[in-house]
Amino acid sequence: MVLAYLGQKFLWRIVDFLRHWYVRSAKLYSNYVLDRLHDFDKVLAWKITLKNLFTPLYKDYTFAGYVLGFFLRAVRILVASVFYAIVFFAAVALYIIWLLIPPVLVAVFLGVFHV
């Protein structure tokens, strides 16, 4: 009876740990990354720049204003997109490392890998 209880508690703790490590951390980390991307957008203004891509810069409605406005905004969108991609892929890589920590520790403990 006691062994059954301890076995049940042991398995419940393992399941609870896995739920905490994988499910809860995914929610927290994705919210954190999305919040940081939102903070970056306050500086980089990707959406607003894309919305105003074809409007002239500083309301200069000459040909040069349209050309310079389009060119400078297109460069800004490109730079912001590259920055967002770098941040996103770095966050994904970091999270994959986070996900691999328990299996690697179990594999090291079982002697699959030698550290």
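All of the numbers you see were taken from the coordinates with simple rules; none came from a lab. Since we're looking at a predicted model, the values are computed, not measured. All Cβ positions, glycine included, derive from the backbone under ideal geometry; neighbour counts span all protein chains shown.
Those residues that are under 30 Å from Val106 (Cα atoms) and of a type in the set (A, V, I, L, M), I need them from region 12-53; list them, please. Residues satisfying the conditions are Ile14, Val15, Leu18, Val23, Ala26, Leu28, Val33.
In the set Trp46, Trp98, only one residue is in contact (Cβ under 8 Å) with a residue 60 or more places away in the chain and surrounded by 13 or more Cβ atoms within 10 Å (Cβ to Cβ); that residue is Trp98.
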